[in-house]
1. Per residue, what volume in Å³ does the Cα convex hull of the range 285-350 take up?
2. Report the extension gain between residue 26 and residue 361 in nm, rounded to one decimal, defined as 0.36 nm multiplied by the number of residues separating them, less their alpha carbon distance.
3. Can you tell me the length gained on complete extension of the stretch residue 351 to residue 213, counting 0.36 nm per residue apart and subtracting the Cα distance?
4. List the residues of the range 190-217 whose backbone N lies under 11 Å from a point placed 7 Å from the Cα of residue 241 along the Cα-to-Cβ direction.
5. So how long is each side of the range 275-393 along the principal axes, counting just the alpha-carbon atoms, biggest first, in Å?
6. To the nearest 0.05, what FRET efficiency results for residue 112 and residue 275 with a Förster distance of 45 Å applied to their C-beta separation?
């Protein structure tokens, strides 16, 4: 309870000064990460986690479930066909090359990892976080097609990363003779059941919501509660059959759009809920970072820098080659692919599902180093980056 009380007090203080922080160099993820680091340093990391860290781990999983669902159902699939399918390019060629390049780099710097653990690192760090670049997404100085493309990419690439992560986790604990049986079991239980649950919950929920909407049965608060109940329903059903709750939530969000589109008036509700939960994850991240600082080598930080630059910018330039975007715009989009909330929670999913192993420490260190660098580098570079994009040489 001590840790929860400290976090709630921090949220209150942040709310008091939030307007003063808008548009500045200091972002909410930076503040809550630093707060977690300070608390862990004062209480000692072990005492900090024992004082409520377990509850935050549960909140982190719930946060990703809601994030995957809301991103999927609020991201218009029509955007994938706009502006030369820029988002589709980033979510296919860009994402696949990012995972391959990131995995090869991790394997090269840390040969003891092995190919599958290296692939896990790359997959955890593949999703981008629009929340860390909120200044970019909200700025009218950034061309609309760039903002929309980055927003759609961030809204969908976290859900697309989950099947890859679960697949690589399965491969790390499998002998060659078991490949066929274990892979089939994985496909059926994790992907198949998760997808079916998502289609059922999202499709049926969308049909019922659309019917109620046509008959004008929906009050504003009731509609919001009904939509919010869908990812929780997907989570509970997934737990019952040991399917992936994350795949179920993501597919449910996509299936919801089949007949029903959440109204714009819900954005504020989901924004406030999502912000509160994401702050808790960054606070937890700050607690965890302190435990790893003593053993963090320069190679971890080097990989983090390369992941944010070469591993991100190279695939973006390749994916967007031949489009009407200028080189400056493509470089801007390449840099502003921050790693944040999704990477933190996917890293926790890996730790929870994988258990012990010699590659565990290296994977967690690489993820923490990369996200820590991203939280601060992307936070402080957002406003200067916008000015650079609009500069006329």
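1. Values: hull volume 7.2 nm³, N = 66.
Normalising the Cα hull of the range 285-350 by residue number yields 109 Å³.
2. On the way: separation 335, 0.36 × 335 = 120.60 nm, distance 3.01 nm.
My answer for the length gained is 117.6 nm.
3. In short, 45.5 nm is gained.
4. Taking a point 7 Å out along Cα→Cβ of residue 241, the residues of the range 190-217 whose backbone N falls under 11 Å are 190-201.
5. 51, 29, 25
6. Numbers: r = 39 Å, r/R0 = 0.87.
With R0 = 45 Å, the Cβ-Cβ based efficiency is 0.70.
Laboratory data are not the source of any read-out in this text; all were calculated from the coordinates shown. Quantities reported herein were computed from a predicted structural model and do not represent experimental measurements. Backbone-built Cβ (ideal geometry, glycine too); neighbour counts: all protein chains shown.
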